[in-house]
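Since the structure comes first, as structure tokens, the remarks are kept for the end.
The values are calculated or read from the model by the stated rules, or taken from the named source; none is laboratory data. Note that the coordinates shown come from a computational prediction; the quantities given were computed from them, not determined experimentally. Cβ atoms come from the backbone with ideal geometry, glycine included; neighbour counts cover every protein chain shown.
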Amino acid sequence: MDFASFLIQTLNSLQYGLLLFLVASGLTLVFGIMGIINLAHGSFYMIGAYLAFVLASATGSLFMAILLGIPLALIFGALLEWALFSHLYKRDHLEQVLLTYGLILVFEELRSLLVGDEVHGVDIPAMFSGSIALTEVLNYPVYRLVISAVCIVLAVALYFVIQRTRLGMMIRAGNHDRTMVEALGININMIYRVVFALGVALAALAGMLASPISSVFPNMGSHVLIISFVIVVIGGIGSVWGALAAALIVGFADTFGKVLLPELSGMVVYLVMAGVLLWRPEGIFKKG
Amino acid sequence: MNAQLFLKLAAVAILACVPLTGESFYTELLAKTLVLAIFAMSLDLLVGFTGLVSFGHAAYFGVAAYAVAQLSPKYEAASLWVVLPASVGLSALVALVVGLFVLRTKGIYFIMVTLAFAQLAFFVFHDTPLGGGSDGIYLNVKPSAEIAGWVPFDLDNQTHLYYFILAMLIAVYAFLGRILQSPFGRVLVGIKSNEHRMQSMGYPTFWYKLAAFGLAGGLAGVAGFLYAVVFGFVTPELLSWHQSGNVLLMVILGGMGNLVGAIAGAFVFTGMQEVFATWSKHWQLIMGGVIVAAVLFLPGGLAAIPGRIKRSLQGGGSNE
Amino acid sequence: MSEMNNEALLVADKITRRFGGLVANQDVCVNLYRGKVHVLLGPNGAGKSTCINMLSGDLPPSDGKILLLGKDITGLTAAQRSQVGIGRSYQRTNIFPKFSVLENVRLAAQSRRQQPWRIFSKAMEQQWALEKARACIEEAGLGKKVDWVSGVLSHGEQRQLEIAMVLATDAQVMLLDEPLAGMGSDESAKMVEVLKRLKPTRAILLVEHDMDAVFAVADTITVMVNGQVLESGPPAQIKASVAVQQAYLGSEDSFHV
């Protein structure tokens, strides 16, 4: 592999890893704070992508689609938490698995009813449709850099929310000691709703951002879901920074795996996870 | 003869009569259901009796199915007495190896990790020469039951195959029932109830769980083997997480920790699938809706319904 | 026999346990002798349960050694320690609530001869385990409740069940974490009788707050404060100790004398 293609693969790895982080961070927060295993989280990614497709077709611009899509995703998440997930907190994992598995079927079929089963493309916004020359022959698409930049901005924002704000303090406290938060008179139900809606919006945004690259297709959520599980397992449940590191590890393992070990391409990520399980079954970044 | 045994014998008798009707569609549907019932029982050993919620059980089902297809020569029949033990053994072996990894985790982690390993197995068959890609492979000739020139039954014959599957179902049921009464089975149930206490009483619970995981994998392999023989082809979809989810659904529908329940769960599931599918091409929407509603409004699952009715008939007096 | 009594069965040699920055146990030394009851005293949070958890293998020590008859067993898991003869009961009742009393104890007895490969034999036909279980249930004073579902027993009876389960594992060293907690005075008195009966043949470590019971059975008392041993010695010495008085007996958090 020469340097230019190495550089391209590195940029691709970063972009893929950061995008996965958006999905996995919500998943791990919902696991860590509410103790809920949510199989339907991948569906939010799928829903985001389809929202981007539908709204971009209607408005003619992915920008507009994202601007409209984020509040829609937030509202959708809050509604879902209110109607369904708030009933799951005291149930065992098996019932959570069951309900969220049922939800996947519902979401996929609704998608099929409303939008159909075809594969769709979404246009890259015109101002980002160009590419940057890395060498005389190799170019790198600007849009992928934009995705990475947006994800980095969001990761930094998430860091500030969690480390510096009152909401973040509650999230951190809830992460460690639920009863203490309640004893402080903080409305834990509100935190749960906000965190859940945030998780949905992040996953949906990831789907919207990815839609021009990956195109929009049925069942696109399930692969992302399982990869996000792998990320959460590697990073440790409830750890957002573990999820960030693990997402980058997965991004690099997957991207370089496809180049260096094409015959094992789908498996590399899982082999990495297997290695982590042998080494630290609680995840690399789980605090002792 | 007690009532329970009588009911079981009656059920077997009814199942045994089905091929006599000559309705080949229903015989095949029922054969498929019986295969799924074996699959569900194997998972129940983990979920219902040992307390291990595996979301990747389809992997062991699929490994055995692929093993039959790969071990059979292209244009002649393989020996049943070789392929069956080989594919079941392979499934058990894969489960044991995966078990070494996944049993290091607990709770939510265990659910996710079993799912991830099943996905790994999916990609093995999807991406490598082992699996023949997303189209799968055909099993052109079904295994032959010939023993030194004598052919006791013929799996190419639908009726024979049906009875063979029914016999396997009964054998697996009896086998599991026996195991659960053994000291080993009691330890598994103890682990489900209170693993920590089992450890402090001197049980190396990891190894017991691993044995259960391997055993369940092998029995899932029995189902996978039969599935491949019934349908004559295998695809990576057999290992997909939907397959894992569906079998878990059957176990839960039937009320976990109850072998007859697991069989009933397979029947209810296939029945719902068939009925909903006649209503609409989007039958999964109804299925999903039913699942969501069941969890929300029926904590404890369908299996808890008889108990609820009983309690309300007794005037709600008991508070168990 | 007296010579045997001189060799400690179980020795905790300067065991330490840290949780992050917090030191829950520091350089704790405890010697347990056959035929003796050793009581661990101390206010809540003094580190008594941490100490028991290290001895039973539920928690690995950060430092220090644990010896059984002179052999280092620090690296053994909880299950392995049970197999070498260390049994424990828990502060919070820890049984199999859906199983019958007999099945709880039978499982404990079965652990001594596991034979997991005999998957076609019936557990309920293993007479040796059933007999042993019945004997242990009797010894723990629960003979009348053999066939009861253990989850519906009274709190005191569940504590007795715990003792029966420890007995069924042939434990030579018994680590009992507050076996009298939450018991009425009748039940306590019964349990003290049980402990006295068990004492001659075993080494017992007892964590207990009930001072009447403690002084009724203790041969040695170790007082812990803030994760450290404050004083250790015969009951009379502990009663007379000024340090113990100051640190503990005089405080609000005192024993329920």
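Can you find a residue in the stretch B:224-238 that is within 14 Å of another protein chain (Cβ to nearest Cβ), over 11 Å from the mean Cα position of the chain (by Cα) and under 30 Å from B:Asn157 (Cβ atoms)?
Yes: the stretch B:224-238 contains one or more residues that are within 14 Å of another protein chain (Cβ to nearest Cβ), over 11 Å from the mean Cα position of the chain (by Cα) and under 30 Å from B:Asn157 (Cβ atoms).
Of all residues in the stretch C:215-238, those satisfying the criterion of being out of contact with any helix residue (DSSP H, G or I) (no Cβ under 8 Å at 6 or more places or on another chain) and farther than 15 Å from C:Asn31 by Cβ are C:Asn226, C:Gln228, C:Ala236, C:Gln237. Only residues that are crowded, with 18+ Cβ neighbours inside 10 Å and in contact (Cβ under 8 Å) with a residue 12 or more places away in the chain were counted across the stretch B:97-117, and they come to 13. Residue pairs whose Cβ atoms lie under 8 Å apart, separated by 6 or more positions or on different chains, with the first residue in the stretch B:132-147 and at negative phi and at pLDDT 85 or above and the second buried (at least 19 other Cβ atoms within 10 Å of the Cβ) and in a strand (DSSP E or B), are B:Ile137/B:Val234; B:Leu139/B:Val234.
Tell me the strands (runs of 3 or more DSSP E) entirely within the stretch C:142-257 that contain at least 1 residues that are within 20 Å of C:Asn94 (Cα to Cα) and either in contact with a Leu (Cβ under 7 Å, 6 or more places away or on another chain) or not hydrophobic (A, V, I, L, M, F, W, C) (or both).
Strands (runs of 3 or more DSSP E) meeting the threshold: C:173-177, C:203-207.
Within the stretch B:1-32, the set of residues being charged (D, E, K, R) and more than 20 Å from the chain's Cα centre (by Cα) comprises B:Glu23 only.
Conditions (1) β-branched (Val, Ile, Thr); (2) more than 30 Å from B:Ile191 (Cβ to Cβ); (3) within 13 Å of chain A (Cβ to nearest Cβ); (4) in contact with a Pro (Cβ under 7 Å, 6 or more places away or on another chain), marked per residue:
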{"site": "B:Gly56", "(1), (2), (3), (4)": "no, no, yes, no"}
{"site": "B:Gly62", "(1), (2), (3), (4)": "no, no, no, no"}
{"site": "B:Ala65", "(1), (2), (3), (4)": "no, no, no, no"}
{"site": "B:Ser72", "(1), (2), (3), (4)": "no, yes, no, yes"}
{"site": "B:Glu76", "(1), (2), (3), (4)": "no, yes, no, no"}
{"site": "B:Ala92", "(1), (2), (3), (4)": "no, no, no, no"}
{"site": "B:Phe101", "(1), (2), (3), (4)": "no, no, yes, no"}
{"site": "B:Phe123", "(1), (2), (3), (4)": "no, yes, yes, no"}
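Given the criteria in contact with a helix residue (DSSP H, G or I) (Cβ under 8 Å, 6 or more places away or on another chain), crowded, with 24+ Cβ neighbours inside 10 Å and within 13 Å of chain C (Cβ to nearest Cβ), does B:Leu188 qualify? Considered against the rule, which asks whether it is in contact with a helix residue (DSSP H, G or I) (Cβ under 8 Å, 6 or more places away or on another chain), crowded, with 24+ Cβ neighbours inside 10 Å and within 13 Å of chain C (Cβ to nearest Cβ), B:Leu188 comes out as yes.
Filtered by the rule that a residue be buried (at least 24 other Cβ atoms within 10 Å of the Cβ) and within 26 Å of B:His196 (Cα to Cα), the stretch B:82-96 gives a lone residue, B:Ala95.
Criterion first (over 30 Å from B:Phe153 (Cα atoms) and within 14 Å of chain A (Cβ to nearest Cβ)) does B:Gly131 satisfy it? Here the answer is no, as B:Gly131 does not meet what is asked.
Being modelled with pLDDT of 90 or more and either within 18 Å of B:Asn194 (Cβ to Cβ) or surrounded by 24 or more Cβ atoms within 10 Å (Cβ to Cβ) (or both) is true of C:Gln110.
Screening B:His196 against (1) more than 22 Å from B:Ser72 (Cα to Cα); (2) surrounded by fewer than 18 Cβ atoms within 10 Å (Cβ to Cβ); (3) within 14 Å of chain A (Cβ to nearest Cβ); (4) not small (Gly, Ala, Ser) leaves a single unmet condition, (3). For the stretch B:1-59, a residue qualifies if it is of a type in the set (Val, Ile, Thr) and either on the phi > 0 side of the Ramachandran plot or touching a helix residue (DSSP H, G or I) at 6+ places or on another chain (Cβ under 9 Å) (or both), and the qualifying residues are B:Val12, B:Val18, B:Thr21, B:Thr27, B:Thr33, B:Val35, B:Ile38, B:Val47, B:Thr50, B:Val53.
Scanning the stretch C:85-124 for residues that are hydroxyl-bearing (Ser, Thr, Tyr) and within 23 Å of C:Val149 (Cα to Cα), which turns out farthest from the other protein chains (Cβ to nearest Cβ)? Out of the qualifying residues, it is C:Ser100.
Residue by residue, here is whether (1) in contact with a strand residue (DSSP E or B) (Cβ under 7 Å, 6 or more places away or on another chain); (2) modelled with pLDDT of 90 or more; (3) over 19 Å from B:Met201 (Cβ atoms) holds:
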residue	(1), (2), (3)
C:Gln115	no, no, no
C:Ala129	no, yes, no
C:Asp147	yes, yes, yes
C:Ala171	yes, yes, no
C:Met174	yes, yes, no
C:Lys190	no, no, yes
C:Met211	no, no, yes
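Within the stretch B:240-284, the set of residues being touching a residue at least 40 places away in the same chain (Cβ under 8 Å), within 12 Å of another protein chain (Cβ to nearest Cβ) and hydrophobic (A, V, I, L, M, F, W, C) comprises B:Trp241, B:Val247, B:Leu248, B:Leu249, B:Met250, B:Val251, B:Ile252, B:Leu253, B:Met256.
Each row is one residue, and each column tells you yes or no for (1) within 13 Å of another protein chain (Cβ to nearest Cβ); (2) surrounded by fewer than 22 Cβ atoms within 10 Å (Cβ to Cβ); (3) part of a helix (DSSP H, G or I).
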{"site": "A:Ala246", "(1), (2), (3)": "yes, no, yes"}
{"site": "A:Val250", "(1), (2), (3)": "yes, no, yes"}
{"site": "A:Phe256", "(1), (2), (3)": "no, yes, yes"}
{"site": "A:Val269", "(1), (2), (3)": "yes, no, yes"}
{"site": "A:Gly275", "(1), (2), (3)": "yes, yes, yes"}
{"site": "A:Leu278", "(1), (2), (3)": "yes, yes, yes"}
{"site": "A:Glu282", "(1), (2), (3)": "yes, yes, no"}
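Just so you know, in the stretch C:49-99 the residues that are part of a helix (DSSP H, G or I) and free of Cβ contacts under 8 Å to residues at least 40 places away in the same chain include one that is surrounded by the most Cβ atoms within 10 Å (Cβ to Cβ), and it is C:Arg81.
Condition check for A:Ser215 on (1) crowded, with 20+ Cβ neighbours inside 10 Å; (2) touching a His at 6+ places or on another chain (Cβ under 9 Å): one failure, at (1). The number of residues in the stretch A:22-43 that are among the hydrophobic types (A, V, I, L, M, F, W, C) and farther than 22 Å from A:Phe217 by Cβ comes to 7.
Against the list (1) of a type outside the set (Lys, Arg); (2) within 11 Å of another protein chain (Cβ to nearest Cβ); (3) crowded, with 19+ Cβ neighbours inside 10 Å, the condition B:Pro299 fails is (3).
Give me the residue from the stretch C:95-122 that is closer than 11 Å to B:Arg186 by Cα and basic (Lys, Arg) and, out of that set, farthest from the chain's Cα centre (by Cα). Step by step, filter the stretch C:95-122, then rank; the result is C:Lys122.
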